[in-house]
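The values are calculated or read from the model by the stated rules, or taken from the named source; none is laboratory data. The structure displayed is predicted, hence computed values, not measured ones. Here the Cβ is made from the backbone with ideal geometry for all residues, glycine too, and neighbour counts use every protein chain on show. Ligands, DNA and RNA are stripped out before the accessible areas are found, and what is left, the full protein with its side chains, is counted by its heavy atoms. Shrake-Rupley method; radii C 1.70, N 1.55, O 1.52, S 1.80 Å.
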Amino acid sequence: MKGVGSSTTKSSLLEGGHLRLLTFNLQVGIQTSAYHHYLTRSWQHLLPHPRRQHRLDMMGEVLSQFDVVGLQEVDGGSFRSSRVNQVEYLATRAAFPHHFQQLNRNLGRIAQHSNGLLSRLVPCKIEEHRLPGAMPGRGAIHARFGDGPDALHIFVAHLALSHRGRVRQLNYLSEIIQPLRHVVVMGDLNCTPEQLHAHERFCTSLPLHPVKPLLSYPSWQPRRALDHILLSQSLEAAEVRVLDHLFSDHLPIALDLPLPAACLLALETANTKQNLSK
């Protein structure tokens, strides 16, 4: 987990007892507001655009309102992003003390397809998972906050477009999630709530707490709920909402998460140990 800035002795987030979560597929900062833009602006997936930096700045202002952010379709610093690592840039712009970039598809100087995690709390552990599929390039980040059985586990994932690929990837995630108690899975899962609930193995490993599905795609006329923040039954959302259009073809999903007392204690204990070890 890379740091930008310093951690406070006692986090005000823990004192508040809740976390503000956000998931966002930002489409590497390409402005998309109509289907024909997939064709006419496709060159921006390979070439830089002079307005991309300005868009990132506006995104950073919105992300600064949250505590933990999961990002999909971010560039790790290639020609198309003007050599800007978008995860690192957004972390700095939004004043997140900790960030992590997962490089999933490395096209060298042309493109660095990545997932990202921004956090105001330092995770005790970060793991990267390469998700199975016919084509490599999909991944998930697993961040653990706190220690022991009441630790909070947050997964940031970007699943495949194909049904067969998603089934394999949900099976893979099910194995990891099954023994865990407090779990959040967020990201562009490329499937509707109905398709998720039809996957018996995944729903068994993560008994989903009912969270209102919000339409997030396409951003200019949302018709499908493809972006999700899923909670285990031990967690319950205080509020879930979709944010306004931020240039991408997906809308960001935000959720306010009150932490159970045992989970909060696990985070506070780990936070205290980390500060004492400095």
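Taking all protein chains as they are arranged and a probe of 1.4 Å, the heavy atoms of T272 leave approximately 70 Å² accessible to solvent. Annotation for S234 and E175: the two label points, set 7 Å from Cα along the Cα-Cβ direction, are 2.2 nm apart.
So what is the 222 nm mean residue ellipticity for the chain from helices alone, if each DSSP H run of at least 4 adds -39500 (n - 2.57) and you divide by all residues, rounding to the nearest 500 deg cm²/dmol? Don't skip to the answer; put the middle values down first.
Details: 8 runs with 71 residues, N = 278.
Using -39500 (n - 2.57) per qualifying helix, the result is -7000 deg cm²/dmol.
With all protein chains in place and a 1.4 Å probe, the accessible surface of the chain carries 54 percent carbon and sulfur. Segment R83..H45, full-extension length gain: 12.3 nm, with 0.36 nm per residue of separation and the alpha-carbon distance subtracted. Give the percent of DSSP beta bridges with both residues in the stretch 39-182 that are antiparallel, rounded to the nearest 5. Counting only bridges with both partners in the stretch 39-182, antiparallel ones make up about 95 percent. Here the spin labels are modelled as points 7 Å beyond Cα on the Cα-Cβ line, and at D57 and L161 they lie 3.3 nm apart.
Computed with every protein chain present, the accessible area of S234 is close to 40 Å² [probe 1.4 Å]. Over the chain, with a Gaussian network built from C-alpha contacts below 10 Å, which listed residue (H228, H250, H18) shows the highest mean-square fluctuation? Of the options given, H18 has the highest mean-square fluctuation.
Taking all protein chains into account, the per residue accessible area for the stretch 1-148 stands at 43 Å² (1.4 Å probe).
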